[in-house]
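Asker: Got a structure here, written out as structure tokens. Questions coming.
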Amino acid sequence: MSLNYYLFRQIQNKQVLGSMTPRLEGKLLKQIKDIKLRPAHLRHDLWTPFLVASQNSPEFLSWTHTFFSHPIEKPLPAELLKESRVKRRPFLLDDVTLKVERLCRIYHYLEAKHGRDRMPDVKLYWEQEALQDCIQAKGLEWPDFVSHERLWLRRSRYIQNPELVPPPAPELPMSSRANWAARNTTPVPAPEA
């Protein structure tokens, strides 16, 4: 059984939220530190999964979530320091490369802390495969225990990879009231022509 960590990208302004479930919840918005940049509510049609980290260790999943869910301060370049907040907004909202870099740093930290032998194999499923190379600009490489796959989406939101889709819920037996209604319904006669 694989355990997955999902990263969602806001399609209008590239904000990123991390979740342990494939569904977004409103409490995840607390990951966006600046209240002025945080959306008032979570619209599911504006968020798409762009990265899924799949591993077999619940301990490793909880470490990833703990490190990733804390908001971080994004350093501003010198040329934007004197600009107004309106001109800084697009830069402040673009979190995709920052979060991918952070995920890579988390994996390197956990490998250094616990050793390569305790690290589970991790598969990263990417919506856009070009994003996996954005860490090279920072001089980083993915650790050896990380492999990369393609993330297949339907309607840009629904995950189609069979290994990532949760199994369907089992059929529940009908309640006694439903059984009674099924047994005690009288057939409606057909109308006469």
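Asker: Testing Lys123 on (1) out of contact with any strand residue (DSSP E or B) (no Cβ under 7 Å at 6 or more places or on another chain); (2) in contact (Cβ under 8 Å) with a residue 60 or more places away in the chain, one condition comes back false. Which one is that?
Answerer: The single condition Lys123 does not satisfy is (1).
Asker: Looking at region 74-110 only, could you name the residues that are among the charged types (D, E, K, R) and within 21 Å of Phe8 (Cβ to Cβ)?
Answerer: Matches in region 74-110: Lys74, Arg89, Asp94, Asp95, Lys99, Glu101, Arg102, Arg105.
Asker: Then there's this: Report, by residue number, each residue of region 123-137 that is part of a helix (DSSP H, G or I) and among the hydroxyl-bearing types (Ser, Thr, Tyr).
Answerer: none
Asker: Pro22: under 18 Å from Arg9 (Cβ atoms) and over 20 Å from the mean Cα position of the chain (by Cα), yes or no?
Answerer: Criteria not met by Pro22.
Asker: Here's a follow-up. If we scan region 143-154, do we find a residue that is out of contact with any Ser or Thr (no Cβ under 7 Å at 6 or more places or on another chain) and free of Cβ contacts under 8 Å to residues at least 12 places away in the same chain?
Answerer: Yes: region 143-154 contains one or more residues that are out of contact with any Ser or Thr (no Cβ under 7 Å at 6 or more places or on another chain) and free of Cβ contacts under 8 Å to residues at least 12 places away in the same chain.
Asker: Leu28 fails exactly one of the following numbered conditions: (1) more than 30 Å from Arg85 (Cα to Cα); (2) out of contact with any helix residue (DSSP H, G or I) (no Cβ under 7 Å at 6 or more places or on another chain); (3) in a helix (DSSP H, G or I). What is the number of that condition?
Answerer: That leaves (1) as the condition not met.
Asker: Would you tally the residues in region 31-81 being part of a helix (DSSP H, G or I), surrounded by fewer than 12 Cβ atoms within 10 Å (Cβ to Cβ) and within 15 Å of the chain's Cα centre (by Cα)?
Answerer: Qualifying residue count for the region: 3.
Asker: Let me ask something additional. When you scan region 26-38, how many residues do you find that are in contact (Cβ under 8 Å) with a residue 24 or more places away in the chain and small (Gly, Ala, Ser)?
Answerer: 0
Asker: Of a type in the set (A, V, I, L, M, F, W, C) and more than 26 Å from Pro143 (Cβ to Cβ) - does that describe any residue in region 96-109?
Answerer: For region 96-109, residues of a type in the set (A, V, I, L, M, F, W, C) and more than 26 Å from Pro143 (Cβ to Cβ): absent.
Asker: Would you check which residues across region 1-25 are outside any strand (DSSP E or B), in contact (Cβ under 8 Å) with a residue 40 or more places away in the chain and not aliphatic (A, V, I, L, M) and list them?
Answerer: Ser2, Asn13, Lys14, Gln15, Pro22
Asker: Can you name the condition, by its number, that Pro143 falls short on among (1) out of contact with any Asp or Glu (no Cβ under 9 Å at 6 or more places or on another chain); (2) at pLDDT 85 or above; (3) surrounded by 15 or more Cβ atoms within 10 Å (Cβ to Cβ)?
Answerer: Of everything listed in (1) out of contact with any Asp or Glu (no Cβ under 9 Å at 6 or more places or on another chain); (2) at pLDDT 85 or above; (3) surrounded by 15 or more Cβ atoms within 10 Å (Cβ to Cβ), Pro143 misses just condition (1).
The values are calculated or read from the model by the stated rules, or taken from the named source; none is laboratory data. Source: prediction; values computed, not measured. Ideal geometry is used to build each Cβ from the backbone, glycine not excepted, and the neighbour counts take in all protein chains shown.
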